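Shown next, in structure tokens, is the structure this report addresses.
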Amino acid sequence: MQNTTTLNLFSFNCRRVDYLKVFKCKICQEGYLGDAPPTHCPFCGAHQQYMIEARDFELQEYTLTDVSRRNLEEALNLEVSNAEFYFCAADRADNVADATMFKRLGKVESEHASTIVKELRKQSPDIIRDKNMCSNMNLDNLEESNQRETNAIRHYSRFLGEATEERIKEIFKAIIEIEKDHLSLTDGRF
């Protein structure tokens with residue numbers, strides 16, 4: 001008599017998923033696989049309402065105005081600078097939680113830069129990960145993070161008000177929400 005074992009794929013104490021769906025972020029255009037949309041895009045941080053099923057994803061054509069082009073260029077410079085700052089701060093953080101937070105913020109700001117260059121239809125700038133542009137003191141970097149996020153929110157709110165293209169309005173609205181989330185990470189910590 002031969003001894004056989006049948007393997008049940010759903011018997012490993014894991015949550016059963018009926019089927020995976022493919023979602024796409026309306027802001028950064030990255031994909032996500034899951035049975036439900038995430039609360040925030042894992043790439044750019046956009047809130048859940050921007051995560052839609054990929055089969056429903058469509059970008060409308062539009063012409064970028066000179067004002068929006070100028071504002072996107074300025075936003076790109078802010079995002080690149082913020083990403084470089086966060087990568088520096090991650091390397092100099094004095095605890096694992098802040099190092100992790102700063103590294104993730106660097107990646108999110110890098111994704112924002114990538115989103116902006118898609119709209120500008122230009123090549124992505126280099127983001128230098130070892131640029132010496134932050135303090136050796138973690139507390140100083142938390143304060144600068146707060147100032148950078150406040151500055152970004154102020155600029156992007158103005159850019160949102162000046163935009164006439166629906167796509168650009170949507171991007172700035174979403175990024176303002178994301179930057180407010182980032183701001184909440186440092187409020188009251190310095």
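The values are calculated or read from the model by the stated rules, or taken from the named source; none is laboratory data. This one's a predicted model, so the numbers in the text were calculated from it and none came from an experiment. Cβ sites come from the backbone with ideal geometry, for glycine too, and all protein chains shown count toward neighbours. Accessible surface is based on the protein model in full, side chains and every heavy atom, while ligands, DNA and RNA are left aside. Shrake-Rupley method; radii C 1.70, N 1.55, O 1.52, S 1.80 Å.
Quick one: pull the percent of accessible area on the chain belonging to carbon and sulfur, 1.4 Å probe, ligands and nucleic acids left out. After summing per-atom areas, the C and S share lands at 50 percent. Our analysis of the range 82-173 gives Rg over Rh at 1.03, with the two radii drawn from alpha carbon positions and Rh computed by the Kirkwood formula. Measuring spread by the Cα atoms of the chain yields a radius of gyration and Dmax of 20.1, 80 Å.
Take every Cα pair under 8 Å whose residues are at least 6 apart in sequence, average their separation, divide by the length of the chain, and the relative contact order is 21 percent.
As a test of the formula, what do you get for the chain when each DSSP H run with n ≥ 4 contributes -39,500 (n - 2.57) and the sum is divided by the residue count, at 222 nm and rounded to the nearest 500 deg cm²/dmol?
Per the formula, -18000 deg cm²/dmol.
Averaged per residue, the chain has 58 square angstrom of accessible surface, using a 1.4 angstrom probe with ligands and nucleic acids left out.
Considering just Cα atoms, how many Å³ per residue does the convex hull of the range 117-171 enclose? Here the figure is 99 Å³ per residue.
A simple packing score, the average count of other Cβ atoms within 10 Å per residue, orders the peptides 54-61, 65-72, 132-139, 113-120 as 113-120, 65-72, 132-139, 54-61, with the highest score first. In straight-distance terms, cross-link reach from Lys107 covers every one of the lysines whose alpha-carbon lies under 20 Å from its own, apart from those fewer than eight places away in the same chain; here that gives Lys24, Lys26, Lys118, Lys122, Lys131, Lys173, Lys180.
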